[in-house]
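The values are calculated or read from the model by the stated rules, or taken from the named source; none is laboratory data. Predicted model only: the values in this text are computed from it and were never measured. Cβ coordinates were reconstructed from backbone atoms using ideal geometry, including for glycine residues, and neighbour counts include every protein chain displayed. Surface accessibility is based on the protein's heavy atoms, side chains included, excluding ligands, DNA and RNA. Shrake-Rupley method; radii C 1.70, N 1.55, O 1.52, S 1.80 Å.
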Amino acid sequence: MPINLSTEQKDLAETLDDVWSRIAPGHDVWPSIRELGLTEIPFPEATGGADGTFRDLTVVMTGLGRTLGSAPYLSSVVMAGLALLDAADRDTRAELLPGIVSGARTAALVCGPGIVTSAIRGEVAAERELSLTGVQHAVVDGESAELLVVVTHGPDGTELALVEGSAPGVRRSVGEQLDGTRQLATVEFDGATARRISGPDVASRLGDVRSRILIALAAEQVGLARRCLEMAVEYAGTRQQFGRTIGSFQGIKHKLVDLLVAIELAEVTVLDASSGAERGCDESGTAEPGGTELASRAAAARVLASRAAMTAAEEAIQVHGGIGFTWEHPLHHYFRRAKADQLLFGDEYPYVQSVGESLVHGRGVTRPRRVSEPA
Amino acid sequence: MTATVIPAETGQDGAEDLRAFEAASRAWLDSRLPRRDAAEQAPKYSIFHNLGHEDERALIDGGRAWQAERVDAGFGAMTWAPQWGGRGLTASHERIYAGVEREYLTPERHENILVTVELVAPTLLELGSDWQQERFIRPFLRTDELCCQLFSEPGAGSDLAGLSTRAVRDGESWRVNGQKVWSSGAQFSEWGLLIARSDPAAPKHKGMTAFMVPMDLEGVEVRPIRQMSGGSTFNEVFLTDVVLPDEFRVGEVGDGWRVALTTLGFERQSSAGIVDAGGNTADLIRLATSLGLTGAAEVRGRIAESHLYERAQALLVARYAELEQAGAVPGVEGSIGKLVWTQNLKRVGDAAASFLGHRILADTGEADTFAWTQHLLGAPGYRIAGGSDEIQRNIIGERGLGLPREPR
């Protein structure tokens, strides 16, 4: 598969940028997402989806990262949607996906920072029913979602359970948060009754879901980083000090170039990971497992994209000087989102370690050799 | 080199043709070289050559013989037109061949060969006279003769246009006086591509002219410089009353800056793809394993870091190649590639040194340990060679990001 985006994907990216560039960070882009049919992208036609590629999905996430538009896209389409599609039983998929695919209903995935586990316990209440207890913090769109797809530790280990957000025994709240552009709620279960919806092999399938979520988020981080770099370049090209535009000083110029290099590396790693995340589906629309190879590519994307986004947001503020530190300037939203993204699914250390572990445990690396590229 | 590249083929016939070409490449290589078996290969950590003069010459001669053999068989200068001994094939063919060749144990390609084939030959194709093209291109592509660059000076490195070597016209010839430095491979080259100041009154970028200089000419003296890594690849070249016929002039009088930029452009494109010098992640894993360190989280972390950037760079090079094949004009990709590469050289060297600790301070006689000094001491050099990190960042900032220029 080519590394670069297709012409159609580039067109989509431009369209999204055009539509969303006039919206201030944190403002609602959900209506335009539904209007453009973007919620349908990663789902098979059988569920009402557009049968798009994972690459298409990352284009949307990149666009959202560029603008920080507010929408339950990560939570409902990427997290809960992909968890249902890949790891829920057949009946649940048939029942719930159409609403999520069309954007008519939203769902949130209640999970811990590692995605495949959470702080929620499930005890058998009745046939195919669990009684849920526990508190999970930082649930993306956990208060606003209609449906909660819960990763829980049940009698058979990791399970998926489904509960309406308004069901008895469910308490949801949003307090102050680092990043105000994305809702991170505390979701509390106190004996709430939930339906058991795990499909076969749920633990390993959730592992793949996790990889896909990480790659989608990494795409958002790349979009965020690019936008910060653009703002900083624009400012450095106009702001005058000491009789010259500040972008002509090496101290500024080289800072911006280092950002560009970090973004290029992150972006190409995300593109590579996203081509590994394309779904190979069996007849029932269940994804084929991607396994450790996908996990490793997702970890690489996660690490490089987190670094690029955080550094871009930080350094863009520095390039802007005092104005970048004001409430009025949008950069603090980017800084906040960058930090939240960096920590949403755990900091990078375990991801770096997981890459290192698979390398030293004999999977090895092939030595990339010099390829003479003709001009 | 755009003039020589035929547009990439698409469609069924193109794909079939490429498959057939791959098979032909493999058949030819099979008949000539042993397969590369990573396990049996002695690891090599040097970034610059740290060899004695005769050993380095032998290395170059091996590389030259292989280059000539490749060209003669149609696998050496394949994107060049038949007129120059090429086959007029596409960039895709070249890439496929390069991929297949990696499976075999090829003689090492010294940078002197790279300069001659990938930098000087295409510069002459673009800017040389008919006579020069006839005289030089074939021998350079086959490396029958080698050519070095005579660009930098003690007073003009990064500010190349500030050079002061003088070329004074005297009827149908030129008299050259001055000193060049950092001329890689000058001691092994038959020719040098020289940039000299021909008009001291003109603004500094305007008054320069380029020449081909026979390195055995009277008044040309080459003095190797010993590098911090131990070897002597670079040289000082002293030019004292060197007389050059006007037919050795490359481009118009006063057009030397354009010649220099053309060569440097090829250099940047070419340096994006260098990944093969020094140690790398696979070597780090082997080292950590042999030292019994793979259980340490810090060690695994450093191995992972090296791998992440090494892999990202390989993807980046492939991505740029893909864009170029689709018709994009190369911009700052070469500079980005070089920065990423030299940063990872440092990352790998620092990791190896930290794994080795005391064992890199003094040779214990144990194989594969002290040898890493070759990498450690070579890495700083490539952050300067071919345009320093600061120059690459200026290029990327100004041409890639459109930031205002440095005051000059």
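Inter-part distance, region B:240-309 to region A:1-65, computed on C-alpha centroids, equals 39 Å.
For region B:200-239, which trypsin sites (Lys or Arg not before Pro) pass both filters: DSSP loop (anything but H, G, I, E, B) and at most 15 other C-beta atoms within 10 Å? Walk me through the intermediate numbers first.
Working: sites: B:204, B:206, B:226; in loops: B:204, B:206, B:226.
Those satisfying the criteria are B:206, B:226.
Over region B:157-203, the hull volume per residue, using the convex hull of the C-alpha atoms, is 91 Å³.
Stokes-Einstein D for region A:9-167 at 25 °C, 0.890 mPa s, Kirkwood Rh over Cα pairs, in µm²/s? Before the final figure, lay out each step's value.
Numbers: Rh = 16.3 Å.
Answer, rounded: 151 µm²/s.
The calculated 222 nm mean residue ellipticity attributable to helices in the protein assembly as shown amounts to -14000 deg cm²/dmol, summing -39500 (n - 2.57) over DSSP H runs of n ≥ 4 and dividing by all residues. Extents of region B:277-408, taken as max minus min of Cα coordinates on every principal axis and listed largest first, are 51, 34, 22 Å.
Quarter the surface of the alpha carbon convex hull of chain B and you get the mean projected area, 21.7 square nanometres.
Across region A:137-277, Cα-Cα pairs farther apart than 18 Å form 71% of the total.
Look at where the Cα atoms of region B:341-373 and of region A:93-130 average out, and the two centres are 51 Å apart. Counting Cα-Cα pairs of chain A in 10 Å increments starting at 0 gives whole-percent bin shares of 5, 24, 33, 24, 11, 3, 1, 0. Distance between the pseudo-spin-label points of residue B:105 and residue B:221 (7 Å out from Cα toward the beta carbon): 4.4 nm. Label sites at residue B:384 and residue A:15, each approximated as a point 7 angstrom past Cα along Cα to Cβ, lie 5.4 nm apart. Under the combined filter of DSSP loop state and at most 12 neighbouring Cβ atoms within 10 Å, region A:151-247 retains these chymotrypsin sites (Phe, Trp or Tyr not before Pro): A:242.
Across the accessible surface of region B:248-313, with the other protein chains kept in place and a 1.4 Å probe, carbon and sulfur atoms take up 53 percent.
Give, rounded to the nearest 20 debye, the magnitude of the charge dipole that region B:250-320 has about its Cα centre when Lys and Arg contribute +1 at Cβ and Asp and Glu contribute -1 at Cβ. Working shown, then result.
On the way: 7 positive and 8 negative charges, 58 e Å.
In total the dipole reaches around 280 debye.
Of the trypsin sites (Lys or Arg not before Pro) found in region A:1-106, those that fall in a DSSP loop while having at most 10 other beta-carbon atoms within 10 Å are A:22. For the protein assembly as shown, place one equal point scatterer on every Cα, skip the solvent, and apply the Debye formula. What is log10 of I(q)/I(0) at q = 0.05 Å⁻¹? Reported log10 I(q)/I(0), two decimals: -0.31.
Given axes a ≥ b ≥ c from the Cα gyration tensor, I'd like to know whether region A:206-361 is rounded (a/c under 1.5), prolate (a/b larger than b/c) or oblate. Don't jump to the answer; show the numbers that get you there.
Values: a/c = 2.69, a/b = 2.42, b/c = 1.11.
Prolate, since a/c reaches 1.5 and a/b exceeds b/c.
The share of C-alpha pairs in region B:193-346 whose separation exceeds 20 Å stands at 68 percent. Considering only alpha-carbon pairs that sit under 8 angstrom and 6 or more positions apart, the relative contact order computed for chain A is 16 percent. Counting Cα-Cα pairs of region B:79-225 in 10 Å increments starting at 0 gives whole-percent bin shares of 10, 34, 34, 16, 5, 0. Here chain B is assigned +1 on the Cβ of each Lys and Arg and -1 on the Cβ of each Asp and Glu. Its dipole about the Cα centre then comes out at about 1000 debye. Ranking B:99, B:306, B:187 by Cα position along the charge dipole of chain B, where only Lys, Arg, Asp and Glu carry charges on their C-beta atoms, puts B:306 farthest toward the positive end.
Along region A:186-201 the Karplus relation, 6.51 cos²θ - 1.76 cosθ + 1.60 evaluated at θ = phi - 60°, assigns HN-Hα couplings of 9, 10, 10, 10, 10, x, 5, 8, 10, 8, 7, 10, 4, x, x, 6 Hz to successive residues, with x for each Gly and Pro.
When only alpha carbons are used to place a centre, region B:131-185 and region A:205-279 end up 41 Å from one another.
Per-residue Karplus couplings for region A:35-52, computed as 6.51 cos²θ - 1.76 cosθ + 1.60 with θ equal to phi - 60°, are listed in order as 4, 7, x, 6, 5, 7, 3, x, 9, x, 4, 4, 9, x, x, 8, 6, x Hz, Gly and Pro entered as x. Pairs from the list B:44/B:180; A:10/B:346; B:44/B:338; B:204/B:346 with a Cα-Cα gap above 29 Å: B:44/B:180; A:10/B:346; B:204/B:346.
Across region A:154-170, computed HN-Hα scalar couplings (Karplus, 6.51 cos²θ - 1.76 cosθ + 1.60, θ = phi - 60°) run x, x, 9, x, 5, 9, 10, 9, 10, 9, 5, x, 9, 5, x, x, 10 Hz from first to last residue, x flagging Gly and Pro.
The angle separating the long axis of helix B:91-101 from the principal Cα axis of greatest extent in chain B is about 50 degrees.
Please say if region A:1-69 is rounded, prolate or oblate, where rounded means a/c under 1.5 for a ≥ b ≥ c the square roots of the C-alpha gyration tensor eigenvalues, and otherwise the choice is prolate for a/b larger than b/c and oblate otherwise?
Numbers: a/c = 2.32, a/b = 1.29, b/c = 1.80.
In terms of gyration-tensor shape, oblate.
Remark: relative contact order (chain B) = 15 percent; criterion is Cα-Cα distance under 8 angstrom and separation of 6 or more residues.
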